[in-house]
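Here is the structure we will look at.
The values are calculated or read from the model by the stated rules, or taken from the named source; none is laboratory data. Predicted, not measured: the structure shown is a model, and the values here were computed from it. Neighbour counts are summed over all protein chains in view; Cβ atoms, including those assigned to glycine, are modelled from backbone coordinates with ideal geometry. Quick note on the areas: whole protein, heavy atoms, side chains included, nothing else; ligands and nucleic acids left out. Shrake-Rupley method; radii C 1.70, N 1.55, O 1.52, S 1.80 Å.
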Amino acid sequence: MARTARWIVVAAALLLPVAASAQPQGKCVAGKTKCVANKFKGLLKCHQLAETPGKPTDPNAKDCVTKAKAKFDGGATPAKGCFEKLEGKTPNDCVTFDDTAALEAAVDACVDQLVAAVDPPPTTQSKCNAGKKSCMSKKVGGLLKCYAKAQTPGKPNDPNAAGCVDKVVAKFEHPTTGCFAKLEAKNPADCETLGNAASVESLIDACVQAIVDDLAPSSTTTTVGPATTTTSTVPATTTTTVATTSTTTSTTSTTSTTAPPANPTSLDFIAATGTGLCGDRRRNDLTVLSDLECNKLYIGGGNATVTASTNPSGVVNRIAITGCTGNSCTLGPTLAQTGPSNSIECTNTGCFFGSPVAIPNFGTSSCVINTFATPVSGTLDVSTGVTTNLGFNLQSATYVTGNNTQPCPICVTAVPGGAFAPQPGTCDRGARKNMACISSNPQGLSRDCQPLNGEVDPGTGQATQFAGNLAVNLSPLTTGTRTETRLDPNGGLFCPGQGAGQRGCFLGGNTCRQVNLSGAPSGSLLPIGTTAQGRFASIFCIPSSTSALLNVGANLPGPGATTIVADLRLNP
């Protein structure tokens, strides 16, 4: 595995407290571990100041971030960088070389995730938020100090020698005297997030373990203390369904006994743009916690740091119509791509659903490629646009790219793409870099341009990591309403495998206990060839991935919710 990728994938099962490895020893590796610790603490100090009431909200006020960065990488003089000075010594016992950029990118991504976990953007100043940054800095610094000691020649090579790791963990995680617990217990408390010590600790442990593995590869791993939590990966073949308290309500209509003038052969489902509000999430007393926007994808438990992403537009999926009784038509799969340059996607097992989905989230920014796990099915009333039991069962190939600005490769075209206007271009990166592609998406997203596992992004220094094929079943995707309720004592656990540290739903929603979404039928699609816009709602479950950091950042396993806006058109 590429060294720059290893900080993302820590383990298939994440152990709490942190797992410690017998460390190779050398002055250089111990020094590099101290360099990393100092950068972590420097950056977190900048964020702590930015969240302190009365201080500037810019973490780089008075060049705080710039100075922390310069101490690590040397700034304008790279030879003065912390790693470079260690590697430049003669003789030296370094086991890795020229890894400043890769480790710096890893530290930056981890800090972004930690900050967002405590204070989701935009920055909110409070004594509690600032205090939690100090807590995180102490734990990161404490763990790395334990590792640096173990890497020092002549010292025991166990990071937990004399209980070093245990002491650091106890100061952070104790339910009453732990660092977060004491801040949240204050009266009054001005904490923006509550009850997230476990999820933040998981993220810290994952970051530290992955970075240490990069600096000092070791083949022997022993667990320090009891393994209190195990996060299991759900096999890609498993379909995760929302539990039985969900309700689906379809808009009622009167079905004419008169068949359409000519039976249509297929339905084009054209991903479109949409705005406005399409639902909400609610607390235990059913007061509204926040509204949910149309055409947005919300993912993860209540301690997720992932903001809602916009569903991509422009792509056409063609669904077969196998027969009609009156205006009620039975839907089934088409078997192959059609249209200009095969730009119209099919709807059978393995066919692509829409464009790749870009999910920005700092170091765990991801690109998701959706394909159908089973053929599309259901019924459609062509006189009203109402769907019944519309089955969209997906397999979501998930790649952690770490590119917050552009999580997915794009098809660079001369003219922006659009529905029924596929444009030729060239993939800018990924598995088909510099190869021909077709895009019907205004942002250039294309099924032809998929991420490449292990590819290093030159802008971030981070390697793309395949995080697994996740089973995501949107069925039934409805033009009616969807409601999921998990009132106490269920405690906001919406999905199988969702643990106490994943209670609730979506960014900053650990008090979320109900999710409501509304679809909307398109209205009549007659005569054949008429285009009308509908909205399709789904609340579903997302299993854990094989990336420990992604599971923490997205708080998986956990719920997902989306409304997909689409133009519909019948074909003769």
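Got a sec? Which of Asn393, Asn342, Asn317 is within 29 Å of the chain's Cα centre (by Cα), open to solvent by 10 Å² or more (accessible area, probe 1.4 Å) and among the polar types (S, T, N, Q)? Steps first, please.
Numbers: Asn342 fails: within 29 Å of the chain's Cα centre (by Cα); Asn317 fails: open to solvent by 10 Å² or more (accessible area, probe 1.4 Å).
Result: Asn393 is the single residue among Asn393, Asn342, Asn317 that is within 29 Å of the chain's Cα centre (by Cα), open to solvent by 10 Å² or more (accessible area, probe 1.4 Å) and among the polar types (S, T, N, Q).
Given Gly523, Gly519, Gly497, which one is at pLDDT below 95 and either within 19 Å of Arg283 (Cβ to Cβ) or out of contact with any Asp or Glu (no Cβ under 9 Å at 6 or more places or on another chain) (or both)? Quick ask: steps written out before the conclusion?
Working: Gly523 fails: at pLDDT below 95; Gly519 fails: at pLDDT below 95.
Of the residues listed, the single one that is at pLDDT below 95 and either within 19 Å of Arg283 (Cβ to Cβ) or out of contact with any Asp or Glu (no Cβ under 9 Å at 6 or more places or on another chain) (or both) is Gly497.
Inside the range 402-445, can you point out the residues that are in contact with a Cys (Cβ under 6 Å, 6 or more places away or on another chain), modelled with pLDDT under 95 and either polar (S, T, N, Q) or open to solvent by 40 Å² or more (accessible area, probe 1.4 Å) (or both)?
Ser439
Given Glu104, Glu184, which one is assigned to a helix (DSSP H, G or I), within 30 Å of Ala463 (Cβ to Cβ) and modelled with pLDDT under 90? Before you say what the answer is, go through the steps one by one.
Values: Glu184 fails: within 30 Å of Ala463 (Cβ to Cβ).
From the options Glu104, Glu184, the qualifying one is Glu104.
Being under 19 Å from the mean Cα position of the chain (by Cα) and either charged (D, E, K, R) or not in a strand (DSSP E or B) (or both), is that true of even one residue in the range 433-448? Spell out the reasoning first.
Kept after step one, since they are under 19 Å from the mean Cα position of the chain (by Cα), are these residues of the range 433-448: 445.
Within this subset, residues satisfying the condition of being either charged (D, E, K, R) or not in a strand (DSSP E or B) (or both) are 445.
Looking through the range 433-448, at least one residue is under 19 Å from the mean Cα position of the chain (by Cα) and either charged (D, E, K, R) or not in a strand (DSSP E or B) (or both).
Name every residue in the range 510-544 that is under 20 Å from Asn311 (Cβ atoms) and part of a loop (DSSP other than H, G, I, E, B), in order of residue number. I'd like the intermediate steps shown before the answer.
Kept after step one, since they are under 20 Å from Asn311 (Cβ atoms), are these residues of the range 510-544: 515-522, 531-542.
Listed by number, the residues that qualify are Gly519, Pro521, Ser522.
Name the residues in the range 362-404 that are touching a helix residue (DSSP H, G or I) at 6+ places or on another chain (Cβ under 6 Å), of a type outside the set (Phe, Trp, Tyr) and on the phi > 0 side of the Ramachandran plot, would you? Full working, then the answer.
Within the range 362-404, the subset touching a helix residue (DSSP H, G or I) at 6+ places or on another chain (Cβ under 6 Å) is 362-364, 400, 402, 404.
If we keep only those that are of a type outside the set (Phe, Trp, Tyr) as well, we get 363-364, 400, 402, 404.
Across the range 362-404, the qualifying residue is only Gly402.
I'd like to verify a number: residues in the range 271-308 that are under 24 Å from Asn473 (Cβ atoms), open to solvent by 10 Å² or more (accessible area, probe 1.4 Å) and part of a strand (DSSP E or B), how many?
Residues flagged as under 24 Å from Asn473 (Cβ atoms), open to solvent by 10 Å² or more (accessible area, probe 1.4 Å) and part of a strand (DSSP E or B) within the range 271-308 amount to 10.
Is it the case, given these coordinates, that Asp205 is modelled with pLDDT under 80, part of a helix (DSSP H, G or I) and open to solvent by less than 50 Å² (accessible area, probe 1.4 Å)?
Values: modelled with pLDDT under 80: no; part of a helix (DSSP H, G or I): yes; open to solvent by less than 50 Å² (accessible area, probe 1.4 Å): yes.
No; evaluated as a whole, the condition is false for this residue.
Tell me the residue from Thr177, Thr96, Thr152, Thr123 that is modelled with pLDDT under 80 and hydroxyl-bearing (Ser, Thr, Tyr), please. Spell out the reasoning first.
Details: Thr177 fails: modelled with pLDDT under 80; Thr96 fails: modelled with pLDDT under 80; Thr152 fails: modelled with pLDDT under 80.
Just one listed residue meets the conditions, Thr123.
Restricting to the range 490-528, give me the number of residues that are open to solvent by 20 Å² or more (accessible area, probe 1.4 Å), closer than 21 Å to Asn555 by Cα and of a type in the set (A, V, I, L, M).
Result for the range 490-528: 3.
Condition (residue is of a type in the set (Phe, Trp, Tyr), free of Cβ contacts under 8 Å to residues at least 60 places away in the same chain and open to solvent by 40 Å² or more (accessible area, probe 1.4 Å)) applied to the range 70-77: is it met by at least one residue? Spell out how you get there, then give the answer.
Applying the first criterion (of a type in the set (Phe, Trp, Tyr)) to the range 70-77 yields 72.
If we keep only those that are free of Cβ contacts under 8 Å to residues at least 60 places away in the same chain too, we end up with 72.
When the remaining residues are screened for being open to solvent by 40 Å² or more (accessible area, probe 1.4 Å), the result is none.
No, there is no match, as no residue in the range 70-77 is of a type in the set (Phe, Trp, Tyr), free of Cβ contacts under 8 Å to residues at least 60 places away in the same chain and open to solvent by 40 Å² or more (accessible area, probe 1.4 Å).
I'd like to verify a number: residues in the range 351-366 that are in contact with a Leu (Cβ under 8 Å, 6 or more places away or on another chain) and over 20 Å from Ala102 (Cβ atoms), how many?
The first filter runs over the range 351-366 and keeps only residues in contact with a Leu (Cβ under 8 Å, 6 or more places away or on another chain), leaving 353, 355-359, 363-364, 366.
With over 20 Å from Ala102 (Cβ atoms) added as a condition, the list becomes 353, 355-359.
Number satisfying all stated conditions: 6.
Would you say Ala467 is buried (at least 19 other Cβ atoms within 10 Å of the Cβ), within 20 Å of the chain's Cα centre (by Cα), over 30 Å from Leu568 (Cα atoms) and not polar (S, T, N, Q)? Even if it seems obvious, please write down each step before you answer.
Numbers: buried (at least 19 other Cβ atoms within 10 Å of the Cβ): yes; within 20 Å of the chain's Cα centre (by Cα): yes; over 30 Å from Leu568 (Cα atoms): yes; not polar (S, T, N, Q): yes.
Yes.
Six or more apart or on different chains, Cβ atoms under 6 Å: show the pairs whose first residue is in the range 500-524 and within 28 Å of Thr379 (Cα to Cα) and among the β-branched types (Val, Ile, Thr) and whose second is open to solvent by less than 40 Å² (accessible area, probe 1.4 Å) and not in a strand (DSSP E or B).
From residues that are within 28 Å of Thr379 (Cα to Cα) and among the β-branched types (Val, Ile, Thr), the pairs are Val515/Cys505.
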